[in-house]
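S.K.: One structure, pasted below without further comment.
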Amino acid sequence: MTTTIAGGRAARRQTMRRIRPRRSPAVPLLLAVWAGAAGVLWLWWANTPNIADDNSKILNAGRITGLLAGYLMALVVLQMARVPALERRVGSDRVARWHAMSGRYTLCLVFAHVFLIMWGYALQAGKTLGDIVQQTVDSINQLPDMGKAAIGTGLFLLIGLVSIGPVRRRMPYDTWYHIHLLTYAAVFLTFWHQITTGNDFAVEPTAKTVWYALYGSVTALVVWYRVIVPVRLNLRHRLRVEAVIEETPGIVSVLIGGRKLHRMGAEAGQFFRWRFMAPGMRFSSHPYSLSAAPRPDLLRITVKAIGDHSAALRELQPGTKVWAEGPYGAMTASRRSRGKVLLVAGGVGITPMRALFETLPGAAGDITLLYRANSTQDLALWDELAKIADERGARLMYAVNSPDGERPDISAESLQRKIPDIDSHDVFMCGPNGFARGVYEALRGAGVPARRIHHESFEM
């Protein structure tokens, strides 16, 4: 059984909007980050009168690694705050990559800082490198806030271990997610020793004020966007499950109702983090894309059962309360810069593509959707897609395995044969990472510039 949901007049109006591409603020943000790092380096240099002897070199290396680690900690938390300017303009997946990269650099700097500072302290006390463990224990017992810093460092180590690719892939998502939230506690615990034992802040009151302002601003953003905004959204819209409908074997659509949903600001191509208040699901929050244009009274997600949480969605009962956070994601019509668009979907990646297929501005012949699945039975929402294609004069293609299991050819040559002017298209793409990498290479080989290939991965 399938369900048809259309965006009505709002979706039709969307298709007639002018193309007004919106630039990503990623470059200015990265420049601001580097400017901040330069400011940290300047603070260190201004307060470093002498690095002549070996002990001074070691201690000052420990100071600069500590300052940079403290700066990056604030950025790591900022990237977890779900600030709309980042989530909706830069893109959730790109912010997640920044967060992962910043986290790795932070861990390296933290451990370098601890090693170098303890080594320097040991040399000052007339000890050797072999006494560094005892020196660390002595410092924790004697210096203010070092006990908290030690616990915070241990939490950073735990978070780093569970974030290693092979470990994370073997760990249930909910377990990894909740351990990852300990980042807030780790940053809080390590912050105080920066102020009480950091020489730079002791001799530069202005620097201490700036540091408080940096961490205070980040804390305010986290509280606002991770706590206050979601509470306000859910109290205002009162989301609940309206129905659960099986689209194809293993794929279900969840219809979610509420009050004045058009005021949530959601767009086709975006996603929410959903928490369903059903037994066994209350403490699980997962990202699922909207699979239809948002309506004033109804939202829809379409999910493939690939884990415990997604498999449990088919058992949801009408009336179940829903807690949502969002909308997130930058893969919207505002990324478009050309008149013609190719949408490429792999598997359940059809969900945001279906919503965009309905709403992207364009005349007849401007929009093409290529849907990759293992078989025709796996083409979820196909009836809806065919209806949209017929109404809009859009082109709908699918690529499925042959009866003997041979995979279809999605190469630069095949794409050029099917779409001769593909190099003049914008491309929106969603699917598993391996599929997305292969299609990306094919698109580049077909002459599509990288700046016009728009993709977000929601495997976060």
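The values are calculated or read from the model by the stated rules, or taken from the named source; none is laboratory data. Nothing here was measured: the structure is a model prediction, and the numbers come from that model. Cβ placement follows ideal geometry from the backbone for every residue including glycine, while neighbour counts extend to all protein chains displayed. SASA here: full protein model, heavy atoms, side chains in, ligands and nucleic acids out. Shrake-Rupley method; radii C 1.70, N 1.55, O 1.52, S 1.80 Å.
S.K.: I'm checking my understanding of the structure. Among residues of the stretch 76-88 that are in a helix (DSSP H, G or I) and buried (at least 20 other Cβ atoms within 10 Å of the Cβ), which one is modelled with the lowest pLDDT?
M.R.: ARG88
S.K.: Looking only at residues that are open to solvent by 40 Å² or more (accessible area, probe 1.4 Å) and charged (D, E, K, R) in the stretch 418-460, which one is farthest from LEU369 (Cα to Cα)?
M.R.: Looking at the filtered set, the residue picked out is GLU459.
S.K.: Restricting attention to the stretch 419-437, which residues are touching a residue at least 24 places away in the same chain (Cβ under 8 Å) and more than 25 Å from SER291 (Cβ to Cβ)? Talk me through it step by step, then tell me what you get.
M.R.: Of all residues in the stretch 419-437, those touching a residue at least 24 places away in the same chain (Cβ under 8 Å) come to 419, 421-433, 435-436.
ASP421, ILE422, ASP423, SER424 - these are the residues of the stretch 419-437 that are touching a residue at least 24 places away in the same chain (Cβ under 8 Å) and more than 25 Å from SER291 (Cβ to Cβ).
S.K.: Just a yes or no: is a residue in the stretch 143-155 over 19 Å from LEU189 (Cβ atoms), surrounded by fewer than 13 Cβ atoms within 10 Å (Cβ to Cβ) and not hydrophobic (A, V, I, L, M, F, W, C)?
M.R.: No.
S.K.: Also: When the residues of the stretch 340-358 are narrowed to those that are out of contact with any Leu (no Cβ under 9 Å at 6 or more places or on another chain) and not in a helix (DSSP H, G or I), which ends up surrounded by the most Cβ atoms within 10 Å (Cβ to Cβ)?
M.R.: Applying the filter and picking the extreme gives GLY346.
S.K.: Out of the residues in the stretch 45-72 that are in contact (Cβ under 8 Å) with a residue 12 or more places away in the chain and assigned to a loop (DSSP other than H, G, I, E, B), state the one that is farthest from TYR215 (Cα to Cα).
M.R.: Per the stated criteria, the residue is THR48.
S.K.: Given the residues GLY326, GLY349, which is the only one that is at positive phi and of a type outside the set (Ser, Thr, Tyr)?
M.R.: Working: GLY349 fails: at positive phi.
Only one candidate passes the filter, namely GLY326.
S.K.: Any chance you could count how many residues in the stretch 91-122 are of a type in the set (Phe, Trp, Tyr) and within 23 Å of the chain's Cα centre (by Cα)?
M.R.: Residues meeting the conditions: 2.
S.K.: If you take the residues of the stretch 161-216 that are outside any helix (DSSP H, G or I) and of a type in the set (Gly, Ala, Ser), which of them is least open to solvent (accessible area, probe 1.4 Å)?
M.R.: Across the stretch 161-216, the extreme among qualifying residues is GLY198.
S.K.: Then there is this: Quickly run through the stretch 359-417 and pick out the residues that are surrounded by fewer than 12 Cβ atoms within 10 Å (Cβ to Cβ), among the acidic types (Asp, Glu) and part of a loop (DSSP other than H, G, I, E, B).
M.R.: ASP404, GLU406, ASP409
S.K.: Restricting to the stretch 160-183, and then to whatever is in contact (Cβ under 8 Å) with a residue 40 or more places away in the chain and more than 17 Å from the chain's Cα centre (by Cα), can you tell me which residue is farthest from SER285 (Cα to Cα)?
M.R.: For the stretch 160-183, the residue satisfying everything is GLY160.
S.K.: Among the aliphatic types (A, V, I, L, M), closer than 20 Å to VAL187 by Cα and open to solvent by 70 Å² or more (accessible area, probe 1.4 Å): is that true of LEU129 in this structure?
M.R.: no
S.K.: Out of everything in the stretch 321-339 that is open to solvent by 20 Å² or more (accessible area, probe 1.4 Å) and modelled with pLDDT of 95 or more, what residue ends up being farthest from ILE419 (Cα to Cα)?
M.R.: LYS321
S.K.: Let me ask you something else. Among what's in the stretch 101-112 and is out of contact with any Phe, Trp or Tyr (no Cβ under 8 Å at 6 or more places or on another chain) and open to solvent by less than 40 Å² (accessible area, probe 1.4 Å), pick the residue that is nearest to MET331 (Cα to Cα).
M.R.: So the residue we want is SER102.
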